[in-house]
Every structure is written in C-alpha cells, then in structure tokens.
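The values are calculated or read from the model by the stated rules, or taken from the named source; none is laboratory data. What you are looking at is a predicted structure, and each value in this text was computed from that prediction instead of being measured. All Cβ positions, even for glycine, are placed from backbone atoms using ideal geometry, and neighbour counts span all protein chains on display. Ligands, DNA and RNA are stripped out before the accessible areas are found, and what is left, the full protein with its side chains, is counted by its heavy atoms. Shrake-Rupley method; radii C 1.70, N 1.55, O 1.52, S 1.80 Å.
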Amino acid sequence: MTDLDTFRNALEGPGDSLPPALDDIMGAGRRLRLKRRLATVTVAAAALVVAAGSTVTVWQAQAPPAVQAAAWPTSASAPDGTWGAPVRTGIKQNGREIVLTAFRPDHPGVGFGVRACVEEAGGKLGTCVYDFDDAAPDRSPGFHSVGAVANEGGTDFPMYGYYVGPAASVTATSRGKVVAAQTAQWSEDPDVVLFWFPLDQVFLKPDKTHPNYAEHKVTPGEEPDMANWAAFDADGNALPVGTPVVRG
Amino acid sequence: MARGDAEFAAFAGVSFPRLRRAAFLLTGNAAQAEDAAQAALVKTYAAWRRVHRQDPYAYTRRVMVNHLKDQWRRPVREEAYEQERIPDRPAGRDVAGDVTQQRWLLDALGKLAPRERAVVVLRHFFDLSEQQVAAELDIAVGSVKSLNARALGKLRVTLDPSTEPLGASR
C-alpha cells in the first residue's frame, strides 16, 4: 500500500519547463473572439429581421455601411475621469449605489467608454469596472461592447453598455426571456444612450465551487446568456443593432 | 505588447505547466494533454478582459476539465469543440518522466474509469474540496466520496503513512 502524501507527490510529477506556445494561443484566441463576435451579431441581426420584417435596415457584421461618424463631444472630463453627468442605476450594493459614467479610454483609436462605479459617501467614486469598444468604430450606430456582470472588490456590477442612436428602449433575451434594460441619455450627447440591466434580469451560469457563490455573489468567469439584442426609438421602430458583444 | 497581452502571457507562463500536468494525469497522453491545456488557454485569452481581474486560473481549469469531460463521451478522432487546433510542437521532455514511479502512476491511473480518474486529479492534484469537485464535475458530493474511495482502493493508496515507495511492489 502507498500513503496518500506519497501518492500526491507522485501526482506532482517531474518538473517541465516547456513554455506554452504563446503566439499560437493568442492568435487562436483572437480568432475565437472574432468568431464569437460575428456569431453574436449574426444572431442579433437575424432576430431583428424576424421581429420587424424585411423593411428594417439590418447592419451587416462584416461590412457595415460607410457612415460618417460624428465626433465625440469635446467637453472636459472631471479629475477622476468622469465625463459628463454620472447616471444613477438605482442598484445598491452594501448600501452604496452603482452609477454609470462615460470616460475617455487610454486606448488608440477609441474615444469613448462606459464604466460602472460604486458611489462612495460624498459622491466620490470607489471601485469601477470599465468597458469600451476596441473592435467596431466606437461611434457607429447601434450597440457596442457590453460590460458583463462581474464581481469586483466584493461588489456585484450589472451588465451595462451604450447605444449610439435615438434608442428609447433596449431589450435582449436571457435564456429565452425578454428583458428590458434601463436607459438614460448621456448628458453630453443625446444621441448616446447608456443602459444597464438589473442584476436579477440576466441569467448567468455561476461557478458553484467559488466562495462568492455561497455569498450569493457573482462568481468568476460567469457566462451571461444574452441574445436577440434590439433597440427601438420612441415610435417603436427598430434601430440598427451594431455589435453587442458582451465581455468584461 | 499591450498591457492585457502581457498580463495574459505572464499568467499563461505560470499556469501552463500545472494545467498540462493535470491534463496529462487525466488523459495519460502527452500530446492530448498539451492540446487540452493550450485549448483552455485559447478560451481564456478570448475572454481575458472579462476574467483577468477575477480568477483566471479557476476559469482555465474549468474550461480544460470541461474540454476533457466532453471527450469522454466522444470518439477520440473528433475534436472536442470547434476551436482550431494549435500546431503540435516537439516536446521538451517526456512529461511522464522515465522513472518507475511515474510509469506506475500512469499504469494505475489508466485502470481507473474516467470519472474516478477525474475525481482523483481534481481532489489530490488540484487539492479541491469534495464540494468543489462535485460542482466541477456536476455530480453529487456523495458520488465524489465513493468515486474517490473506489479509485484510491484500486490504486492501493491508503490514508495511513507507509514507508513503501510508490511502485515498489511492481
């Protein structure tokens, strides 16, 4: 017979210094990411066609129409990075509200991003999660990169993002159920709409092994089940979908 | 290299040997183990912006175990998922090692059923709790206990200390 410690040592085995094939891994990862984005857009576009009929203009994932994008406002950001007025979400964590603010990402070619932050006492912003669109043009009509539900520093942050266009309502389906986002026009440009989904509206696949799960918090790597993104103007007309890719 | 890429590269460099070792213990096949570990890192890289500030190692481990679990139910010739295959590389060394202990270990693990083998690796290599193993494999905690006990029995591993080295009886 063999004792358990000896067995565990045997499992550890001899050391091996062969590194991962990083270039291959990262290249394949980029292609996988792109494939997922295209798949998301294709599904969303197909749903829009079914929902609204053939008269709706659907934006193509691979060949978006050439539209002269408007410039981002030139108003100054606050010292803490907040650009324009923060938007209250009504979602509270540990007695503190989550707010959305626009910010200027420090990323080449990207002029706009949205972050979700904990509002501390006195209005000062605490922990934030950031998201911006580094794939599609960040000012193109429609959805852009969407920040996934996440737990950061013990705080659960909702799914949030922005829409370029006159969206009065934003919807998606989460495991087949239609869910409506809360929306707010951005103070610096009424053609930019910030949106977020209440935490209990988005279906997730939690990691039941993670300590967060026992505390009813979001666990790492949770995949949101979101599809059929749609936006409508005040008259109920369907608007372009854009590229609603959920990521952290 | 962008900051996120540099962070991922550092993470992959540190975690890859252990992930590959775990995959090797689960499959007994060095090439398959390397594929599984790299495939998991590909998925992690694709989701890096979402997972890097949380627990990327747990995420990658789950991806890899799910990848290998999926293969239990498929013919070996099929790819476990659609992701493109990363080219094979010449191995730096035989990860099994050529020592008697490692040969014994592989032979012994090879006699286990896939779920027994997975429980043993998750429980004793990754040092997960029985509850964590149950959640990872989507089975009951009681099943983890019984699979673990049965596997250790087959492996002739006892909880009692022993001075007899692994493989000495073979």
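Structural remarks
- Residue match in the range A:218-239 (condition: over 15 Å from the mean Cα position of the chain (by Cα), open to solvent by less than 30 Å² (accessible area, probe 1.4 Å) and without any contact (Cβ under 8 Å) to a residue 12 or more places away in the chain): no
- Residues of the range A:82-105 classified as modelled with pLDDT under 90, more than 16 Å from A:GLY161 (Cβ to Cβ) and surrounded by 11 or more Cβ atoms within 10 Å (Cβ to Cβ), total: 1
- Matching residues in the range A:1-26 - criterion: being farther than 30 Å from B:LEU152 by Cα, open to solvent by less than 50 Å² (accessible area, probe 1.4 Å) and modelled with pLDDT of 85 or more: A:PRO20, A:ALA21, A:LEU22, A:ILE25, A:MET26
- For the range B:31-62, residues that are buried (at least 22 other Cβ atoms within 10 Å of the Cβ) and either basic (Lys, Arg) or closer than 23 Å to A:GLU152 by Cα (or both) total 13.
- Whether a residue is closer than 16 Å to B:VAL65 by Cβ, at pLDDT 80 or above and more than 7 Å from every other protein chain (Cβ to nearest Cβ) was assessed, and B:LEU152 does not pass this test.
- In summary, A:SER54 fulfils each of the numbered conditions (1) more than 30 Å from B:GLN38 (Cβ to Cβ); (2) modelled with pLDDT of 65 or more with the single exception of condition (2).
- Per-region count, the range A:106-155, residues charged (D, E, K, R), open to solvent by 10 Å² or more (accessible area, probe 1.4 Å), touching a residue at least 24 places away in the same chain (Cβ under 8 Å) and within 12 Å of chain B (Cβ to nearest Cβ): 2
- The residue that is modelled with the lowest pLDDT, counting only those in the range B:21-30 that are open to solvent by 10 Å² or more (accessible area, probe 1.4 Å) and in a helix (DSSP H, G or I), is B:ALA30.
- Of the residues making up the range B:68-86, not a single one is more than 25 Å from A:HIS210 (Cβ to Cβ), touching a Phe, Trp or Tyr at 6+ places or on another chain (Cβ under 7 Å) and either surrounded by fewer than 18 Cβ atoms within 10 Å (Cβ to Cβ) or modelled with pLDDT under 85 (or both).
- Filter pass, A:ASP200 being open to solvent by 10 Å² or more (accessible area, probe 1.4 Å) and either assigned to a helix (DSSP H, G or I) or modelled with pLDDT of 95 or more (or both): yes
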